[in-house]
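My structure is below; once you've seen it, I'll send some questions.
The values are calculated or read from the model by the stated rules, or taken from the named source; none is laboratory data. Everything numeric in this text was worked out from a predicted model, so none of it was measured. Don't worry about glycine lacking a Cβ; one is built from the backbone with ideal geometry, like all the others, and counts go over all protein chains shown. Note: accessible area is taken over every heavy atom of the protein model, side chains too, but ligands, DNA and RNA are not part of it. Shrake-Rupley method; radii C 1.70, N 1.55, O 1.52, S 1.80 Å.
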Amino acid sequence: MSTFFVWIGGVATTTAGAWISSRFHNYQQEWKDHRDELREKVLQPMRMGLVKYISPFLCGQAPILVTEHAATGFDFDASVTDAPEKYGPVLVAKFPTAFVFGPIDSALLHDARTNHLRKLFAKFDQIDRDWMTYCADCHIWAMKVARKIPEGSGLPPFPNSDPRGPYVMHYQLAVFLYNRLFHFPTVVLRKEENDSQSAHCWLKGDPYTLAAGTPEQIDTLIADLNKLQRSENEAVTPLRDRAGTLQSRYTTFMEELEYAIATRRFHGGCEFVKFLSFP
């Protein structure tokens, strides 16, 4: 009889051991599948998005300040035969982080951010915040320069209420000075006069006409732009230094992201995989 109970106990132990082994194997497979899912649906798309949308700016390959044609006001008293929206050039700082994370599954992104790769995402979040502050500071500086251009030249900012009157595209010229001072490629500005009408003159920078006025007004504008280029060079030195520091930190982060993609293990538990879960 004792032998029988020993045999029963052995069978039970073997069965329990096989069941536990099977459950552990299933757990390992689920964890591997989840790791692969995080790699394929979060980390790899994140890397591709960063390379496409963020790297050109943080690696100094593209300027963050540009001008765009957008709505600048709304006339609530506009006639039904007139469009209420007012459009014109606006100065903007590029900040396309939403394009990186928008397409990524939000649940898996939250899991990776909070459970498995906290330090990696914390490092990116800090870079992202510092870049946002840097973009804002560059925009503030450029807006100050843009306001100085009409003041120094005496030309009214574009658009002029008189469509045939003089004007200066102060936002575009502020971006021009930004590109010059931050060592991005720029066009060469040129003065162009109308031989038949000496009172008309333009400042052009392919493919745009950036100002219109008398020859004296355009000469004053050119002299003022040269003065701003010299005087603002020292003012933007701290911004250029910050750009270099951000680039270095971003390069290090991208290396760590590559390592996270290549590694075979992630740390931390989550609700997607439960250890030895029961049916």
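Out of curiosity, is LEU228 closer than 26 Å to HIS69 by Cα, in a helix (DSSP H, G or I) and open to solvent by less than 60 Å² (accessible area, probe 1.4 Å)? Outline the logic, then answer.
Details: closer than 26 Å to HIS69 by Cα: yes; in a helix (DSSP H, G or I): yes; open to solvent by less than 60 Å² (accessible area, probe 1.4 Å): yes.
Here the answer is yes, as LEU228 does meet what is asked.
Please determine, by comparing only the residues of the stretch 187-208 that are hydroxyl-bearing (Ser, Thr, Tyr) and touching a residue at least 12 places away in the same chain (Cβ under 8 Å), which one is nearest to LYS148 (Cα to Cα).
First pass over the stretch 187-208, keeping only residues hydroxyl-bearing (Ser, Thr, Tyr): 196, 198, 208.
If we keep only those that are touching a residue at least 12 places away in the same chain (Cβ under 8 Å) as well, we get 198, 208.
Numbers: SER198: 27, TYR208: 20 Å.
Checked the stretch 187-208; the qualifying residue nearest to LYS148 (Cα to Cα) is TYR208.
Now a separate question. Quick one: how many residues across the stretch 174-219 are of a type outside the set (Gly, Ala, Ser) and either open to solvent by less than 30 Å² (accessible area, probe 1.4 Å) or out of contact with any strand residue (DSSP E or B) (no Cβ under 9 Å at 6 or more places or on another chain) (or both)? Reasoning before the result, please.
Of the stretch 174-219, the ones of a type outside the set (Gly, Ala, Ser) are 175-195, 197, 200-204, 206-210, 214-219.
Next, from what is left, pick out any that are either open to solvent by less than 30 Å² (accessible area, probe 1.4 Å) or out of contact with any strand residue (DSSP E or B) (no Cβ under 9 Å at 6 or more places or on another chain) (or both): 175-185, 195, 197, 201, 203, 207-208, 210, 215, 218.
Number satisfying all stated conditions: 20.
Out of curiosity, is PHE99 surrounded by fewer than 16 Cβ atoms within 10 Å (Cβ to Cβ), more than 28 Å from GLY213 (Cα to Cα) and without any contact (Cβ under 8 Å) to a residue 12 or more places away in the chain? So that I can check it myself, show each step before the final result.
Working: surrounded by fewer than 16 Cβ atoms within 10 Å (Cβ to Cβ): yes; more than 28 Å from GLY213 (Cα to Cα): yes; without any contact (Cβ under 8 Å) to a residue 12 or more places away in the chain: no.
The answer is no for PHE99.
For the stretch 119-142, give me each residue that is of a type outside the set (Asp, Glu) and surrounded by 15 or more Cβ atoms within 10 Å (Cβ to Cβ).
Selection gives LEU120, PHE121, LYS123, PHE124, ILE127, TRP131, TYR134, CYS135, CYS138, HIS139, TRP141, ALA142.
Could you tell me whether SER277 is open to solvent by less than 60 Å² (accessible area, probe 1.4 Å), modelled with pLDDT under 95, more than 29 Å from CYS138 (Cβ to Cβ) and not in a helix (DSSP H, G or I)? Give the steps one after another, and end with the answer.
On the way: open to solvent by less than 60 Å² (accessible area, probe 1.4 Å): yes; modelled with pLDDT under 95: yes; more than 29 Å from CYS138 (Cβ to Cβ): yes; not in a helix (DSSP H, G or I): yes.
Considered against the rule, which asks whether it is open to solvent by less than 60 Å² (accessible area, probe 1.4 Å), modelled with pLDDT under 95, more than 29 Å from CYS138 (Cβ to Cβ) and not in a helix (DSSP H, G or I), SER277 comes out as yes.
Right, another one. Can TYR134 be described as over 19 Å from ILE54 (Cβ atoms), among the hydroxyl-bearing types (Ser, Thr, Tyr) and in contact with a Leu (Cβ under 7 Å, 6 or more places away or on another chain)?
Values: over 19 Å from ILE54 (Cβ atoms): no; among the hydroxyl-bearing types (Ser, Thr, Tyr): yes; in contact with a Leu (Cβ under 7 Å, 6 or more places away or on another chain): yes.
It is false that TYR134 is over 19 Å from ILE54 (Cβ atoms), among the hydroxyl-bearing types (Ser, Thr, Tyr) and in contact with a Leu (Cβ under 7 Å, 6 or more places away or on another chain).
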